[in-house]
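Each remark here refers to the structure printed beneath this line.
The values are calculated or read from the model by the stated rules, or taken from the named source; none is laboratory data. Predicted, not measured: the structure shown is a model, and the values here were computed from it. Note: ideal-geometry Cβ built from the backbone for every residue, glycine included; neighbour counts use all protein chains shown.
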Amino acid sequence: MPRPSTGRPGPPGGAAAPAPPPDDAPHADSELTPAAPSTPSAVRRRPWRSRAGVYLLLLPAAAAIAVGLGYPLVRQFVISFQEYGLAQQFGRPAEWVGLRNYTELLSDPYTWQVIARSVAFCLVNAVLTMALGMAIAVLMAKVGRAARMTLQVGMLLAWGTPVLATMTVWQWLFDTQYGVINWLLAEPMGMSEMRYHSWLVEPMSFYFVATVIVVWMSVPFVVFTVYAGLLQVPAETMEAAQLDGANAWKRFWLVTVPMVKPVLFVVALLQIIWDLRVFTQIYVLQRAGAPTRDTHLLGTYIYSLAKEFSMAGAMATIMLALTLALTAFYVRRMLREEEL
Amino acid sequence: VSNPTRTAAANAPQAVVGRWLLGALAVAICLVWVFPIYWMINSAFLPTNRLRTPTPTFFPVDGTLSNFRRVFGDPTFFASFRVSLATTGLTLVAAILFAFVAALAVSRFRFRGRKSFVVAILVVQMIPAEGLFISQYQMLDGWRLVNTVVGLSIVYVAAILPFTIWMLRGFVSGVPIELEEAAMVDGLSRTGAFFRVTFPLLAPGLVASGVYGFLQAWNEYTLALVVMTDPAQRTLPLWLQGLVEANRATDWGVVMAGATLIAIPVILFFLFVQNKMTAGLVAGAVKG
């Protein structure tokens, strides 16, 4: 690799490699009339070429997202206003039914129950994950090197485990007859009524197991991201705050938290999004022998509607609206604060 | 200049005890998080008669390899391995290539629509894919791509791209444009300067995004469940779920051996590159 000579500051230029001028709005008209005959110089043509080039660079990614996500999204939205069931699968044209699918879904108390459950599950899991993750990140920054390394390795192991392997082990841990959790609760801890407890039959107990698994899986990400943010807080600032008489608690809330706020924002936003759309964990636990109707969250409910495409489409649209509603506040703030 | 009173305080007996307590707490938390993984490996080495006992066996002393032998004797394991490998490979090549050029455009050029593109990338990540799978299935079905590696890869690429662009954009912005400009002053073309100066510095970022994409595609379950309905086209996570459903309550040993075989290579891979991924995320999210 050739070493770039950084010893010569100044704007790049010269005949050898004319840098493209910063192409901003005033050049817009030259974009429409590229390379007019009266301006044969390369400089005049350059902005147009680089502009077109830029869009070519964006094209593959934009096209892939449009095909894999955009088109299904539009299609789902359109279908949610149609009657599209099994008959249409066999070639009958779909009929427009306006908002009927939505009114049918939203007048069903069960839909509201699923929405309420999902929002509650999402908030409980996001709050628990954030609280535990932040606490462990702060602990990581406070302890000595050996303890920190130990903690990091443990977190990484949990984070790196594929979700299906994780789900498989947790089913075994919570197994009714030979599961080690029932044994731990009954033998060393003396709760003998837990010896052969079926964790997945009761909805609350089912959600407890799901929460344990989701939080266990999500915490390491929060820990590492927040810890990386904590490292960026300058030591001088903390010392200055200490000299000014702030105790550890005050230093944390008045210095550390405001400084890592951008990281906390992003992480909290991602947790809410991920916990609202949780599917795999719920689906696998349901397959392990839970009553599905009592334990559906949005993802599994949509999956269970799969045979009625329009209903599934309407429900998915409702889910999207819910996600946007829950995250609008965050997104607005992020867009405002961030220089994109 | 360190504060003398602080050093004295750190050496005081209570402070030392406090440090030890915090250290012990850290180790205890680590144990809680590691235990499920330990238990998976432990059980994988135990024969069924030692798993089905009133008191669990905590250490696989004179364990057995028979569970692993049974997994390796299962031809569907290797078939699924091949499907997973093909899907992940195809997804990665496309996603990294597309994301790289897009990240380049976003962080190295100023053009109309740039900000909208970045906002779109951010917003797209909020679309709950778990609500889209029905129409994704229908789309692939219409193109006769259900139960094909190509079909699954199409939806994977779209799912992975936004975050990969977001992450790579942080890495590209992290390489000062002045380096490129200096090389251009020295007579390299813009393209030459990019490939000879910036590109080598981006290698860690590309590796990190590649690993992110690999983990996402390799471990993905939901879309695979919807798209790969034919048992012959199962990816490894689907294969493992099939193994669980066939052996649940009868033979946890073989299930744990399957889970261990799937998990260990991924965990090792992950340990190897995790810090670069976190750095990329923080850079993409915070630095702009």
Counted residues, the range A:138-185 - those being hydroxyl-bearing (S, T, Y), assigned to a helix (DSSP H, G or I) and under 25 Å from the mean Cα position of the chain (by Cα): 2
In this structure, does B:G192 turn out to be touching a helix residue (DSSP H, G or I) at 6+ places or on another chain (Cβ under 8 Å), more than 7 Å from every other protein chain (Cβ to nearest Cβ) and crowded, with 17+ Cβ neighbours inside 10 Å? no
Test A:V222 against the stated conditions and say whether it is buried (at least 18 other Cβ atoms within 10 Å of the Cβ), part of a helix (DSSP H, G or I) and touching a Gly at 6+ places or on another chain (Cβ under 8 Å). yes
Filter the range A:241-285 for residues that are touching a Ser or Thr at 6+ places or on another chain (Cβ under 7 Å) and away from every other protein chain (no Cβ under 12 Å); which is farthest from A:V214 (Cα to Cα)? A:V255
The listed residue being within 10 Å of chain B (Cβ to nearest Cβ) and among the β-branched types (V, I, T), out of A:V143, A:V209: A:V143
Among the residues of the range B:88-132, how many are basic (K, R) and either outside any helix (DSSP H, G or I) or at the interface with chain A (Cβ under 7 Å from one of its Cβ atoms) (or both)? 3
Filter result for B:Y156 (over 19 Å from the mean Cα position of the chain (by Cα), within 9 Å of chain A (Cβ to nearest Cβ), closer than 30 Å to A:S304 by Cα and of a type in the set (F, W, Y)): no
State whether one or more residues within the range A:255-262 are under 30 Å from A:W172 (Cα atoms) and of a type in the set (A, V, I, L, M). no
May I ask you to say which residue of B:G242, B:G205, B:G258 is under 23 Å from the mean Cα position of the chain (by Cα) and within 30 Å of B:Q138 (Cα to Cα)? B:G242
Please work out which residue is surrounded by the most Cβ atoms within 10 Å (Cβ to Cβ), limiting yourself to the range B:133-142 and to residues that are at the interface with another protein chain (Cβ under 7 Å from one of its Cβ atoms) and of a type in the set (A, V, I, L, M, F, W, C). B:I134
Out of the range A:231-240, which residues are within 11 Å of chain B (Cβ to nearest Cβ) and either among the aromatic types (F, W, Y) or within 28 Å of A:L128 (Cα to Cα) (or both)? A:L231, A:Q232, A:M238
Failed condition for B:T53, given (1) in contact (Cβ under 8 Å) with a residue 40 or more places away in the chain; (2) within 11 Å of chain A (Cβ to nearest Cβ): (1)
Would it be correct to say that B:L140 is of a type in the set (A, V, I, L, M), part of a helix (DSSP H, G or I) and within 23 Å of the chain's Cα centre (by Cα)? no
Among (1) under 27 Å from B:A259 (Cβ atoms); (2) surrounded by 16 or more Cβ atoms within 10 Å (Cβ to Cβ); (3) more than 9 Å from chain B (Cβ to nearest Cβ), which single condition is A:P188 missing? (2)
Some residue of the range A:289-297 being in contact (Cβ under 8 Å) with a residue 24 or more places away in the chain, among the β-branched types (V, I, T) and in contact with a helix residue (DSSP H, G or I) (Cβ under 9 Å, 6 or more places away or on another chain): yes
Which condition from (1) touching a Ser or Thr at 6+ places or on another chain (Cβ under 6 Å); (2) at pLDDT below 85 is the one that A:F206 breaks? (2)
Considering residues that are in contact (Cβ under 8 Å) with a residue 24 or more places away in the chain and closer than 15 Å to A:I318 by Cα, the number found within the range A:82-105 is 4
I'd like to know if the range B:160-171 contains one or more residues that are closer than 14 Å to B:L223 by Cβ, in contact with a helix residue (DSSP H, G or I) (Cβ under 6 Å, 6 or more places away or on another chain) and either among the small types (G, A, S) or more than 7 Å from every other protein chain (Cβ to nearest Cβ) (or both). yes
Could you tell me which residue of the range B:243-260 is farthest from B:Y212 (Cα to Cα), considering only residues that are facing chain A (nearest Cβ under 9 Å), assigned to a helix (DSSP H, G or I) and not aromatic (F, W, Y)? B:E245
Among the numbered criteria (1) under 23 Å from the mean Cα position of the chain (by Cα); (2) surrounded by fewer than 18 Cβ atoms within 10 Å (Cβ to Cβ); (3) modelled with pLDDT of 85 or more, which one does B:V123 miss? (3)
Check the range A:151-174 and report whether any residue there is more than 10 Å from chain B (Cβ to nearest Cβ) and in contact (Cβ under 8 Å) with a residue 60 or more places away in the chain. no
Answer yes if at least one residue in the range A:307-314 is aromatic (F, W, Y), at the interface with chain B (Cβ under 8 Å from one of its Cβ atoms), part of a helix (DSSP H, G or I) and closer than 22 Å to B:V244 by Cβ, and no otherwise. no
Return yes or no: is A:A321 within 11 Å of chain B (Cβ to nearest Cβ), under 22 Å from the mean Cα position of the chain (by Cα) and of a type in the set (G, A, S)? yes
Of residues in the range B:222-239 being over 23 Å from the mean Cα position of the chain (by Cα) and either within 18 Å of B:L51 (Cβ to Cβ) or part of a helix (DSSP H, G or I) (or both), the one farthest from the other protein chains (Cβ to nearest Cβ): B:A232
With respect to A:T317, is the statement that it is modelled with pLDDT of 90 or more and closer than 26 Å to A:F206 by Cβ true? no
For the structure I just gave you, tell me whether A:V127 is surrounded by fewer than 23 Cβ atoms within 10 Å (Cβ to Cβ), of a type outside the set (G, A, S), within 24 Å of A:V257 (Cα to Cα) and facing chain B (nearest Cβ under 8 Å). no
List every residue pair whose Cβ atoms lie under 6 Å apart, where the two residues are 6 or more positions apart in sequence or sit on different chains, the first residue falls within the range A:192-209 and is under 21 Å from A:V119 (Cβ atoms), and the second residue, located anywhere, is surrounded by fewer than 15 Cβ atoms within 10 Å (Cβ to Cβ). A:P203/A:D294
Can you name the condition, by its number, that B:A158 falls short on among (1) of a type outside the set (F, W, Y); (2) within 29 Å of B:S173 (Cβ to Cβ); (3) at pLDDT below 90? (3)
Of all residues in the range B:198-222, which are crowded, with 24+ Cβ neighbours inside 10 Å and either within 17 Å of B:A86 (Cβ to Cβ) or touching an Asp or Glu at 6+ places or on another chain (Cβ under 8 Å) (or both)? B:G213, B:A217, B:N219, B:E220
